[in-house]
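Have a look at the structure below, then the notes.
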Amino acid sequence: MALVHDVLIIGGGGAGLRAAIAAAELDPRLDIAVVSKVYPMRSHTVSAEGGAAAVIKPGDSLDAHAYDTISGGDWLSDQDAVEAFVREAPAEMLQLEHWGCPWSREPDGHVAVRPFGGMKLERTWFAADKTGFHMLHALFQTTLKYDSIRRYDEWFVTKILVDEGRCQGVVAIEVATGRIQAVLAKAVILCTGGCGKVFPYTTNASIKNGDGMALAYRAGAPLKDMEFVQYHPTGLPFTGILITEATRSEGGWLLNKDGYRYLQDYDLGKPEPKPVFRSMELGPRDRLSQAFVKEQEKGRTLVGPYGHYVHLDIRHLGQKLIDKKLPFVRELCLKYENIDPVKEMIPVRPVVHYMMGGIHTDIHGATSLAGLFAAGEVACVSINGANRLGSNSLTELLVFGARAGTAAAAFASQQRKPSPSVLAQAQDEERRLGERFLRKTGGTEKVAALRAEMQKTMEESAGIYRTASVLEEAARKLRKLQERFHDVSLEDRSYTFNTELIAVLELSYMLDVAEAIVHSALQRRESRGSHQRTDYPKRDDTQFLAHSLATRGENGSPRIEYLSVTITRWPPAQRVYGR
Amino acid sequence: MPPSVTLAVTRYRPEQESEPTLQTYEVPFRKDWVVLDALNYIKDNLDGSLSFRWSCRMGVCGSCGMMVNGSPKLTCAAFLSDYLPGPIRVEPLNYFPIIRDLVVDMTDFMHKLKKVKPWIIRAQEKPLADGEYLQTPDQLEMYKQFSMCINCMLCYSACPVYGLEQSFIGPAAIALAQRYNLDSRDEAARERLEILSEHDGMWQCTFVGECSKVCPKNVDPAGAIQQLKLVGAVDWFRFLLPWGTR
């Protein structure tokens with residue numbers, strides 16, 4: 001027996017929940033379901049700290065937000081998408097306010113905004129420094145009032161079902177019981193987030209394995225701009241725990257081992273005692289992470305048990321401001337590093353944070369496979385181009401979550417019921433999972449070892465700086481790992497809550513995504529935003545003012561093509577910060 | 001510093017075992033490791049079949065709550081060094097049915113959460129075009145702490161009332177109801193009070209206060225329950241009087 005719904009959403013984070021509400025609001029008769037591998041309030045949206053950008057204050061303008069986003073993205077953003085994004089952002093943020101999000105406030109009761117990296121003025125809404133947490137819980141709790149939204153908590157999707165050129169549902173494992181089940185739908189929206197766990201040092205939670213990216217890729221939908229991986233300049237060295245950019249927007253300094261604000265040496269402006277927009281510590285994340293590597297090469301970083309690091313100093317902000325506006329930062333430092341940032345400097349290093357790339361979608365969240373939509377970090381619309389600005393991603397998941405929810409609901413209302421023929425595919429999938437993993441005999445490879453090798457390969461090849469020879473070697477290594485994956489063996493053969501089975505399926509997703517990243521990076525012979533090639537150090541608009549599209553080839557390796565960037569009103573120009 | 005530490009971990013695979021048992025593992029001791037790091041070391045190096053939930057490893061997703069030496073803890077925030085010399089006992093959260101190993105069944109809470117209507121309810125919605133509902137920092141402060149609940153279930157595991165009577169709606173759900181009751185944008189406090197006043201509601205709480213002590217986010221569910229009992233009692237009293245406002 002198959003479960004059947006009108007709109008099926010995979011992933012219960014910010015984008016997925018916003019999509020679910022949008023679909024429910026569009027047509028209360030629609031039967032909507034959210035499948036999530038964790039309880040929705042565990043989703044990684046919960047970890048976002050600093051804030052969400054939307055124009056609301058006098059003196060700001062939609063054009064200014066669009067320009068900051070486009071220049072921040074080194075002109076790789078699709079400008080029609082950015083224009084839609086900045087236009088719809090304020091209403092989405094207000095909607096969340098109406099749904100109870102506890103935004104920080106001005107004394108007069110209006111929503112407060114703070115500055116953020118790469119933004120020309122204050123436009124980042126925040127709920128202290130737990131913005132993602134509050135947004136996620138407000139969204140999740142709001143979904144509870146819609147009886148038309150059904151949930152499958154802790155169900156893990158293994159395959160997208162395609163028939164007659166149309167996505168008609170998924171196959172999923174109910175983790176608690178191990179039951180494998182087809183969940184059919186007229187439209188499916190992937191909202192599974194990013195894939196930071198492809199790398200060893202990341203702010204991302206353990207659940208960020210590129211599930212949705214790989215599912216779409218295997219179903220024939222291309223992945224766009226996968227070479228653009230954002231390193232956040234300030235993660236804690238061992239754990240990769242994120243220390244929000246808000247520490248710098250509130251006035252924090254980055255210091256090398258000599259106590260020197262080294263960003264002034266990297267064309268990011270002059271050090272001032274107070275934060276200056278689009279300057280120094282408020283420069284964009286790609287430039288700050290690159291400056292760290294240069295500083296390391298000059299021998300001016302510090303060295304600890306987990307490698308090189310610099311200092312983030314917020315002591316001069318004082319305890320009162322820190323406790324009011326950055327309480328989570330203090331809590332994280334105290335609990336996880338045993339450091340009190342009121343009195344001590346915080347050790348930080350760049351860590352993988354966000355994927356600008358993702359499943360290629362149009363401005364409505366539609367992928368190139370009919371009936372399949374995507375929104376949030378899993379998708380690439382693209383508004384983020386070659387480098388995302390801090391505080392645009394939380395807003396993105398609202399704007400494009402809502403858009404995808406509405407578009408998928410409209411699509412679903414015009415479709416026939418899913419065809420029963422896809423059930424045969426679901427049975428094949430059940431057989432595959434049994435034969436390859438649960439009932440497999442032999443096999444010598446271990447999940448943890450393969451995963452560690454993949455992560456090391458990615459850090460060494462597709463990190464902050466890249467070069468052809470290393471990327472080529474990485475592509476070969478990943479192929480090898482894919483082969484070795486066939487020989488993987490599970491210790492756990494039980495059906496009940498088998499987390500080893502989930503881990504092995506996540507690893508298979510990550511290997512596909514890792515290959516897409518490395519091949520896309522290899523083919524882009526220029527430097528743009530977060531993609532820096534030491535062998536091609538300049539931006540090349542004649543050849544590469546284009547999105548890469550990775551399609552899964554016959555042998556499993558990606559094939560790379562290009563798609564032109566949509567330019568509306570902001571022709572490519574030099575990115576200028578600090579002057 | 002010892003070179004290693006022993007963990008005694010609950011194992012329960014319902015397909016193979018009829019009862020939970022404790023299994024010991026020796027893991028390397030590292031100063032900056034938390035209990036969750038040790039569990040991941042076991043899973044990756046010693047025994048791939050050990051099951052537990054985790055995700056953010058930064059104390060905000062609420063997945064990794066377990067009993068550590070008998071107390072409910074987020075294992076991502078429980079340093080091995082605080083439990084030396086060991087062995088460290090790691091067990092599933094108290095009072096919940098065990099699905100497998102360290103994984104408990106929390107569907108009961110999900111139903112209870114929905115029951116208290118944790119969303120903004122108003123007689124009249126303000127159109128988005130009219131902007132935000134004004135809320136001063138003081139008004140925000142009224143409910144803020146109750147909005148910090150991460151649904152980690154440590155409070156249920158510490159609550160003696162829940163231990164005896166699983167129909168008790170419990171600390172987190174009550175705190176979240178109060179989070180909306182105290183929000184200046186909400187108008188449904190009375191509706192929620194009626195839900196909470198039912199037989200399995202807050203009247204069962206004996207104000208032991210364990211819930212507030214174990215909360216990793218400094219939420220004070222016991223305080224919420226006290227506030228509600230006071231309002232509830234006044235309300236009930238008003239109901240009896242002829243000039244009551246019901």
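The values are calculated or read from the model by the stated rules, or taken from the named source; none is laboratory data. Every value quoted in this text rests on a predicted model; they were computed, and no experiment measured them. Cβ placement follows ideal geometry from the backbone for every residue including glycine, while neighbour counts extend to all protein chains displayed. Heads up: the accessible areas ignore ligands, DNA and RNA and are worked out on the full protein's heavy atoms, side chains in. Shrake-Rupley method; radii C 1.70, N 1.55, O 1.52, S 1.80 Å.
Inspect all residues belonging to the range A:214-236 and state whether any of them is more than 30 Å from A:Gln425 (Cα to Cα), within 14 Å of chain B (Cβ to nearest Cβ), part of a loop (DSSP other than H, G, I, E, B) and not basic (Lys, Arg). Yes, the range A:214-236 contains a residue that is more than 30 Å from A:Gln425 (Cα to Cα), within 14 Å of chain B (Cβ to nearest Cβ), part of a loop (DSSP other than H, G, I, E, B) and not basic (Lys, Arg). Taking the range A:412-426, which residues are surrounded by 13 or more Cβ atoms within 10 Å (Cβ to Cβ) and either in a helix (DSSP H, G or I) or within 14 Å of chain B (Cβ to nearest Cβ) (or both)? A:Ala412, A:Ser413, A:Val422, A:Leu423, A:Gln425, A:Ala426, listed by residue number. With the checklist (1) modelled with pLDDT of 95 or more; (2) open to solvent by 10 Å² or more (accessible area, probe 1.4 Å); (3) among the aliphatic types (A, V, I, L, M); (4) outside any strand (DSSP E or B) in hand, flag the one item A:Leu121 doesn't pass. Of everything listed in (1) modelled with pLDDT of 95 or more; (2) open to solvent by 10 Å² or more (accessible area, probe 1.4 Å); (3) among the aliphatic types (A, V, I, L, M); (4) outside any strand (DSSP E or B), A:Leu121 misses just condition (1).
There is at least one residue in the range A:246-255 that is β-branched (Val, Ile, Thr) and over 26 Å from A:Ile9 (Cα atoms). Residues being under 30 Å from A:Lys294 (Cβ atoms) and at pLDDT 95 or above are entirely absent from the range A:486-494. Checked against (1) more than 9 Å from every other protein chain (Cβ to nearest Cβ); (2) open to solvent by less than 60 Å² (accessible area, probe 1.4 Å); (3) part of a loop (DSSP other than H, G, I, E, B), B:Met1 passes all but condition (2). In the set B:Lys115, B:Lys144, only one residue is in contact with a helix residue (DSSP H, G or I) (Cβ under 9 Å, 6 or more places away or on another chain) and open to solvent by 40 Å² or more (accessible area, probe 1.4 Å); that residue is B:Lys115. Between A:Pro107, A:Pro102, A:Pro200, the distinction of being in contact with a His (Cβ under 8 Å, 6 or more places away or on another chain) and assigned to a loop (DSSP other than H, G, I, E, B) belongs to A:Pro102 only.
For the criterion of being more than 23 Å from A:Ile21 (Cβ to Cβ), within 23 Å of the chain's Cα centre (by Cα) and within 13 Å of chain B (Cβ to nearest Cβ), A:Ala112 fails. Taking the range B:30-49 as the range and being at the interface with chain A (Cβ under 9 Å from one of its Cβ atoms) and surrounded by 24 or more Cβ atoms within 10 Å (Cβ to Cβ) as the test, only B:Val34 passes. Filtered by the rule that a residue be surrounded by fewer than 16 Cβ atoms within 10 Å (Cβ to Cβ) and touching a residue at least 60 places away in the same chain (Cβ under 8 Å), the range A:542-556 gives a lone residue, A:Gly556. Counting the residues of the range B:57-72 that are open to solvent by 10 Å² or more (accessible area, probe 1.4 Å) and at the interface with another protein chain (Cβ under 8 Å from one of its Cβ atoms) gives 2.
Considering the range A:248-333, the qualifying helices (runs of 4 or more DSSP H), each wholly inside and each with 3 or more residues that are at pLDDT below 95 and under 25 Å from the mean Cα position of the chain (by Cα), run over A:327-332. The set of residues in the range A:42-96 that are outside any helix (DSSP H, G or I) and open to solvent by 40 Å² or more (accessible area, probe 1.4 Å) comprises A:Ile56, A:Lys57, A:Pro58, A:Gly59, A:Ser61. Taking the criterion of being within 13 Å of another protein chain (Cβ to nearest Cβ) and either buried (at least 24 other Cβ atoms within 10 Å of the Cβ) or part of a strand (DSSP E or B) (or both), the only residue of the range B:79-91 that qualifies is B:Phe79. Of all residues in the range A:323-341, those being hydrophobic (A, V, I, L, M, F, W, C), open to solvent by less than 30 Å² (accessible area, probe 1.4 Å) and free of Cβ contacts under 8 Å to residues at least 40 places away in the same chain number 1. Of the residues making up the range A:21-41, those that are open to solvent by 20 Å² or more (accessible area, probe 1.4 Å) and within 14 Å of another protein chain (Cβ to nearest Cβ) are A:Glu25, A:Lys37, A:Val38.
Of all residues in the range A:502-536, exactly one satisfies the criterion of being surrounded by fewer than 24 Cβ atoms within 10 Å (Cβ to Cβ), in a loop (DSSP other than H, G, I, E, B) and basic (Lys, Arg), namely A:Arg525.
Restricting the range B:123-141 to residues that are in contact (Cβ under 8 Å) with a residue 24 or more places away in the chain and either touching a helix residue (DSSP H, G or I) at 6+ places or on another chain (Cβ under 9 Å) or aromatic (Phe, Trp, Tyr) (or both) leaves a set whose member that is least open to solvent (accessible area, probe 1.4 Å) is B:Gln135.
Among the residues of the range B:154-194, count how many are open to solvent by less than 10 Å² (accessible area, probe 1.4 Å), within 14 Å of chain A (Cβ to nearest Cβ) and of a type in the set (Gly, Ala, Ser). Count: 5.
For the range B:130-137, does any single residue satisfy the condition of being at the interface with chain A (Cβ under 8 Å from one of its Cβ atoms), in a helix (DSSP H, G or I) and over 16 Å from the mean Cα position of the chain (by Cα)? Yes, the range B:130-137 contains at least one residue that is at the interface with chain A (Cβ under 8 Å from one of its Cβ atoms), in a helix (DSSP H, G or I) and over 16 Å from the mean Cα position of the chain (by Cα). Restricting attention to the range A:124-160, the residues that are part of a loop (DSSP other than H, G, I, E, B) and among the aliphatic types (A, V, I, L, M) add up to 3. Right, A:Leu76: over 22 Å from the mean Cα position of the chain (by Cα) and in contact (Cβ under 8 Å) with a residue 24 or more places away in the chain or not? Answer is no for this residue. On the stretch given as the range B:11-29, residues that are buried (at least 21 other Cβ atoms within 10 Å of the Cβ) and of a type in the set (S, T, N, Q) total 0. Restricting attention to the range A:489-501, report how many residues are surrounded by fewer than 22 Cβ atoms within 10 Å (Cβ to Cβ), more than 8 Å from chain B (Cβ to nearest Cβ) and either over 17 Å from A:Ala449 (Cβ atoms) or under 27 Å from the mean Cα position of the chain (by Cα) (or both). Within the range A:489-501, residues that are surrounded by fewer than 22 Cβ atoms within 10 Å (Cβ to Cβ), more than 8 Å from chain B (Cβ to nearest Cβ) and either over 17 Å from A:Ala449 (Cβ atoms) or under 27 Å from the mean Cα position of the chain (by Cα) (or both) number 1. Condition check for B:Val104 on (1) within 12 Å of another protein chain (Cβ to nearest Cβ); (2) in contact with a Gly (Cβ under 7 Å, 6 or more places away or on another chain); (3) open to solvent by less than 30 Å² (accessible area, probe 1.4 Å): one failure, at (2).
Restricting attention to the range B:112-129 and to residues that are under 18 Å from B:Arg179 (Cβ atoms) and outside any loop (DSSP other than H, G, I, E, B), the residue that is nearest to the other protein chains (Cβ to nearest Cβ) turns out to be B:Lys114.
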